[in-house]
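I have placed the structure first, in the form of structure tokens, so that the comments after it can refer back to it.
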């Protein structure tokens with residue numbers, strides 16, 4: 001993300017009492033902005049094998065629709081490790097850009 005000019009911040013938190021991760025508004029692991037973009041980008045990061053599950057989960061989420069209606073955007077980044085020995089520390093990211101969420105404001 002930084003290579004694309006974004007200034008990202010991790011907003012996902014660990015709840016030690018419930019022993020689970022908590023996303024901002026239930027969908028955002030990372031919030032990012034860049035100077036040539038209006039609004040902020042919310043990113044949900046997950047394994048590449050669970051991207052389709054996340055798309056279904058977020059497709060009709062009221063908070064996400066309101067977030068997008070406020071002029072923000074949302075992407076799902078599915079990742080998995082490289083198999084090449086030389087690039088062990090890198091990951092491959094599958095982005096779901098222009099997420100197909102209905103841009104409907106719930107009033």
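From 65, 32, 48, which residue is modelled with pLDDT under 95, farther than 11 Å from residue 76 by Cβ and surrounded by 12 or more Cβ atoms within 10 Å (Cβ to Cβ)?
On the way: 32 fails: modelled with pLDDT under 95; 48 fails: farther than 11 Å from residue 76 by Cβ.
Exactly one residue qualifies, and that residue is 65.
It is to be established whether one or more residues within the range 23-35 are outside any helix (DSSP H, G or I), free of Cβ contacts under 8 Å to residues at least 12 places away in the same chain and touching a strand residue (DSSP E or B) at 6+ places or on another chain (Cβ under 9 Å).
Of all residues in the range 23-35, those outside any helix (DSSP H, G or I) come to 23-35.
Now drop any that are not free of Cβ contacts under 8 Å to residues at least 12 places away in the same chain, which leaves none.
The answer is no, given that none of the residues of the range 23-35 is outside any helix (DSSP H, G or I), free of Cβ contacts under 8 Å to residues at least 12 places away in the same chain and touching a strand residue (DSSP E or B) at 6+ places or on another chain (Cβ under 9 Å).
Would you check which residues across the range 39-68 are under 11 Å from the mean Cα position of the chain (by Cα) and farther than 11 Å from residue 28 by Cβ and list them?
If the condition is that a residue be under 11 Å from the mean Cα position of the chain (by Cα) and farther than 11 Å from residue 28 by Cβ, then 46, 51, 54, 55 are the ones that fit.
The values are calculated or read from the model by the stated rules, or taken from the named source; none is laboratory data. Quick caveat: nothing in here was measured; it's all calculated off a predicted structure. When we count neighbours, we look across all protein chains shown, and the Cβ atoms used for this are built from the backbone with ideal geometry, even at glycine.
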